[in-house]
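Starting off with a structure, shown below.
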Amino acid sequence: MNRRKRTQFWGKNEDDEELLLDVLAGRKTATACRADDYYLPMGEFDDGGMEPGDIVEVYDLRQRLRCLIRVTERYPVRFGDIPEKLWKGECCTSAGHFQEEHRKCWPDYGLHDDFELMATHFELIEPSPAAALHSQSGL
């Protein structure tokens, strides 16, 4: 690939940019997905398979570059055993809150305690100039 990896953060529906706003504010520093989907692209603006050290372009749902993140850590985790650093990085108040929110977002996954997720931690390294302008106007 001759470009940086890309990703998007999806909320509760196709117009929900809340997760992206949390990334831009530095509150959201982790994400999780199904372990068996981790290396699969989720569209033109989500390549999948982010690895520690990768610099990743983050796009909003309108396909505009909003920021760059650096992946710091990746590991598998069971849905029934969510570590504190993951639920905090996902802006949740507890492991139970993490589970509740992900059950709402992923109703078709049949989430159970042994369901395997892939956790990815990252740091915000550079909001794009366009991102700064849009954040000031509420997106």
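Using helices alone, what [θ] at 222 nm do you get for the chain, with -39,500 (n - 2.57) per DSSP H run of 4 or more residues, divided over all residues and rounded to the nearest 500? Before the final figure, lay out each step's value.
On the way: 4 runs with 32 residues, N = 139.
Value at 222 nm, helices only: -6000 deg cm²/dmol.
Can you give me the distance in nm between label points at Ile125 and Asp108, each placed 7 Å from the Cα along the Cα-to-Cβ direction?
Once both label points are built, they end up 3.5 nm from each other.
If Lys and Arg each add +1 and Asp and Glu each add -1, what is the summed charge of the other residues whose beta carbon sits under 11 Å from the beta carbon of Arg74? Numbers along the way, then the final one.
Working: positive: none; negative: Glu51, Asp54, Glu73.
Summing Lys and Arg as +1 and Asp and Glu as -1 gives -3.
Next question, about the same structure. Roughly what % antiparallel, to the nearest 5, for the DSSP beta bridges in the chain? Mind dumping the intermediate values first?
Values: 21 of 25 bridges.
Beta bridges within the chain, antiparallel portion: roughly 85 percent.
With +1 on each Lys and Arg Cβ and -1 on each Asp and Glu Cβ, and nothing else charged, work out how big the dipole of the chain is about its Cα centre, in Debye to the nearest 20. Could you put the intermediate results ahead of the total?
On the way: 18 positive and 27 negative charges, 92 e Å.
My answer is approximately 440 debye.
May I pose another question? Sum up the charges of everything whose Cβ sits under 12 Å from the Cβ of Lys5, counting Lys and Arg as +1 and Asp and Glu as -1, but leave Lys5 out. Intermediate values should be presented prior to the final figure.
Details: positive: Arg3, Arg4, Arg6, Arg70; negative: Asp46, Asp47, Glu51, Asp54, Glu57.
Residues close to Lys5 contribute a combined charge of -1.
Can you divide the C-alpha Rg of the chain by 2.2 N^0.38 Å and report the result to two decimal places? Let's see the in-between values first.
Details: Rg = 14.4 Å, N = 139, 2.2 N^0.38 = 14.3 Å.
Rg over 2.2 N^0.38 Å, computed on Cα atoms: 1.00.
If the elastic network links every pair of Cα atoms under 10 Å, which of Met42, Met50, Met118 fluctuates the most in the Gaussian network model of the chain?
Ranking Met42, Met50, Met118 by mean-square fluctuation puts Met42 first.
To continue, here is another question. Using θ = phi - 60° and the Karplus relation 6.51 cos²θ - 1.76 cosθ + 1.60, list the HN-Hα couplings for the range 99-104 in order, rounded to whole Hz, with x at every Gly or Pro.
For the range 99-104, the Karplus-derived couplings read 4, 4, 5, 6, 5, 5 Hz, x marking Gly and Pro.
Sorted from fewest to most neighbouring beta carbons within 10 Å, what does the list Lys104, Lys88, Lys28 look like? If you can, show how the numbers build up before the last one.
Numbers: Lys104 9, Lys88 16, Lys28 20.
So the residues, fewest neighbours to most, are Lys104, Lys88, Lys28.
For Thr120, Thr72, what ranking results if the residue with the fewest other Cβ atoms within 10 Å of its Cβ goes first?
Details: Thr120 26, Thr72 15.
In increasing order of surrounding Cβ atoms, one gets Thr72, Thr120.
None of the figures in this text is laboratory data; all of them are computed from the coordinates on show. What you see is a predicted model; the values in this text were computed from it and never measured. Please note: Cβ atoms are built from the backbone with ideal geometry, for glycine as well, and neighbour counts cover all protein chains shown.
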